[in-house]
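See structure below.
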Amino acid sequence: MNIAIVGAGLMGRLLALSLLRQKGSGYHITLFDKDSKLAHNSAAYAAAGLLTPLGESLHCEPNIVEMGFKALRLWPTLLDSLDEHTIFQQTGAIMVSHEQDKGDYQRFVRHLKNNYPEQQLQALDRQDLLALEPEIGRSFNQGLYLPQEGQVGNRRLLVALRKQLEQDAELNGNTLNWLSECQVNAINNGKDESSVSYQYQGQQCSARFDLVIDCRGTGASTKHSNANCAPLADLRSVRGELFQLFTPDVHISRPVRLMHPRYQLYIAPKQKGYYVVGATEIESDDDSPMTVRSAMELLSAAYSVHPGFAEANIRQHISQCRPAFSDNQPKITVQGSLIQVNGLFRHGFLIAPVVLEQTLAVIANRINHSNSPLPYADLLPVSISPVSISPVSINTKELLDEHSY
């Protein structure tokens, strides 16, 4: 069976590896990637990898929180299956606020107590804060400890997935062909098969597939995808910005969230003196460099948590757009031989293992012509609709060389 995966960010890589590992399936997988294999232009690269369902709960629906808790239990097994070392930490997170933002902090505490009374929360005074994070700023006299929260090393994970895919390009009778720096121009969807037209290494090519899985993120929006490429009309971009700082003189061991009237600010330690400070959330599809206002607010936040950040080296400042639907919910849609997975918004790493398992179940149903129950039907609904466009046709050069199977 020929399977195309369009998009090689976090979900594209996870899906490609999971399908490769299915023994005896006879899958020939083509992974279309407009980026290089380094994934520096992906939303997953411009992230902190926070696994903090309660920390996100004030700004998302309860199903996202529940998926986050389930994903926390799935991440260790998923990461242990990779040969390359990755970072997984589950030593909790701390929420703090400045005095002027105390009202927002108290509202967040009430929200958790009212909506998640079964979850462990620990109110912290100044001594408790110092016991957990001895170097935290002097202006914080209270905080909240969320012991189940964690994080994953997002960039190390992207590297680990790349190396695993390259190493396991032929595995269990399945094969993978990864076309990086490749532009997909059209996805012609049919009931039983689809075609993908694309430009690769200066050539315009096309190939037929039994199944196409679209994980393009913002690349699937109507602004970034032409009418022949299965655009998602309700998909929008939300701009996020962050800093990567290096300062071996700062010793913070777990994620720290700082209440802010406009953003969900955090500081995420990434080992060996590296920290990610983010992230703004702006309703814009502008991916230009970071603004002065954002830079001042993010760096001021870091400095207020620990004065040692004043001497930190700015290794990177990054702006990237995240894909989101109007309701900020992830969606899996099935139409004929096309499956589209999108809209993970700012929750990509938080819910990725759950979205992965749900998508694999949808793929299995499609391939086996079955209707088996989906593992997360109550949390992540799947929309199935009939094909409403013309049957598959190929007008460009049929791909019959080394790029096809």
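The values are calculated or read from the model by the stated rules, or taken from the named source; none is laboratory data. Just so it is clear, the structure is predicted and the values come from calculations on it, not from any experiment. Virtual Cβ from ideal backbone geometry, glycine too; neighbours counted across all protein chains shown. Only protein heavy atoms, including side chains, enter the accessible area calculation; ligands, DNA and RNA are left aside. Shrake-Rupley method; radii C 1.70, N 1.55, O 1.52, S 1.80 Å.
Taking the numbered list (1) modelled with pLDDT of 95 or more; (2) touching a Ser or Thr at 6+ places or on another chain (Cβ under 9 Å); (3) within 29 Å of PHE325 (Cα to Cα) in turn, ILE267 passes all entries but (2).
Restricting segment 114-150 to residues that are small (Gly, Ala, Ser) and under 29 Å from the mean Cα position of the chain (by Cα), which is nearest to PRO53 (Cα to Cα)? Explain how you work it out, then say what you get.
So in segment 114-150, the residues small (Gly, Ala, Ser) come out as 123, 131, 137, 139, 143, 150.
Narrowing further to those that are under 29 Å from the mean Cα position of the chain (by Cα): 143, 150.
Details: GLY143: 17, GLY150: 9 Å.
Of everything passing the filter in segment 114-150, GLY150 is nearest to PRO53 (Cα to Cα).
As a summary of the residue check, PRO76 satisfies the conditions (1) without any contact (Cβ under 8 Å) to a residue 24 or more places away in the chain; (2) open to solvent by 70 Å² or more (accessible area, probe 1.4 Å); (3) under 24 Å from the mean Cα position of the chain (by Cα) except for the one numbered (2). Take GLU135 and tell me if it is assigned to a loop (DSSP other than H, G, I, E, B) and open to solvent by 70 Å² or more (accessible area, probe 1.4 Å). No, not satisfied.
Regarding ILE64, is this residue in contact with a Pro (Cβ under 8 Å, 6 or more places away or on another chain) and in a helix (DSSP H, G or I)?
Working: in contact with a Pro (Cβ under 8 Å, 6 or more places away or on another chain): yes; in a helix (DSSP H, G or I): yes.
So ILE64 passes the test.
Taking the criterion of being open to solvent by 20 Å² or more (accessible area, probe 1.4 Å), touching a strand residue (DSSP E or B) at 6+ places or on another chain (Cβ under 6 Å) and aliphatic (A, V, I, L, M), the residues of segment 253-297 that qualify are ILE282, MET290.
Yes/no per residue for (1) in contact with a Phe, Trp or Tyr (Cβ under 9 Å, 6 or more places away or on another chain); (2) in contact (Cβ under 8 Å) with a residue 60 or more places away in the chain; (3) of a type in the set (A, V, I, L, M); (4) part of a helix (DSSP H, G or I):
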position: ARG13; (1), (2), (3), (4): no, yes, no, yes
position: ALA16; (1), (2), (3), (4): yes, yes, yes, yes
position: LEU19; (1), (2), (3), (4): yes, yes, yes, yes
position: LYS23; (1), (2), (3), (4): no, yes, no, no
position: GLY26; (1), (2), (3), (4): no, yes, no, no
position: ALA48; (1), (2), (3), (4): yes, yes, yes, no
position: SER57; (1), (2), (3), (4): yes, no, no, yes
position: GLY68; (1), (2), (3), (4): no, yes, no, yes
position: LEU82; (1), (2), (3), (4): no, yes, yes, no
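Within this structure, ALA48 passes the test of being within 13 Å of the chain's Cα centre (by Cα), open to solvent by less than 20 Å² (accessible area, probe 1.4 Å) and farther than 22 Å from CYS229 by Cα.
All of (1) in contact (Cβ under 8 Å) with a residue 40 or more places away in the chain; (2) within 30 Å of ILE5 (Cα to Cα); (3) polar (S, T, N, Q) hold for GLN271 with one exception: (2). Of the strands (runs of 3 or more DSSP E) lying entirely inside segment 151-216, those carrying at least 1 residues that are within 24 Å of the chain's Cα centre (by Cα) and not charged (D, E, K, R) are 174-179, 183-188, 211-214. You will find that of VAL159, VAL238, VAL184, VAL196, the residue that is touching a residue at least 60 places away in the same chain (Cβ under 8 Å) and farther than 25 Å from VAL382 by Cβ is VAL159 and no other. Count of segment 206-234 residues, restricted to those that are within 24 Å of LYS191 (Cβ to Cβ), touching a residue at least 12 places away in the same chain (Cβ under 8 Å) and open to solvent by less than 30 Å² (accessible area, probe 1.4 Å), is 12. Tell me which of these SER253 doesn't satisfy, since it passes every other one: (1) more than 19 Å from ALA43 (Cβ to Cβ); (2) in contact with a Phe, Trp or Tyr (Cβ under 8 Å, 6 or more places away or on another chain); (3) of a type in the set (Gly, Ala, Ser). For SER253, the failing item is (2).
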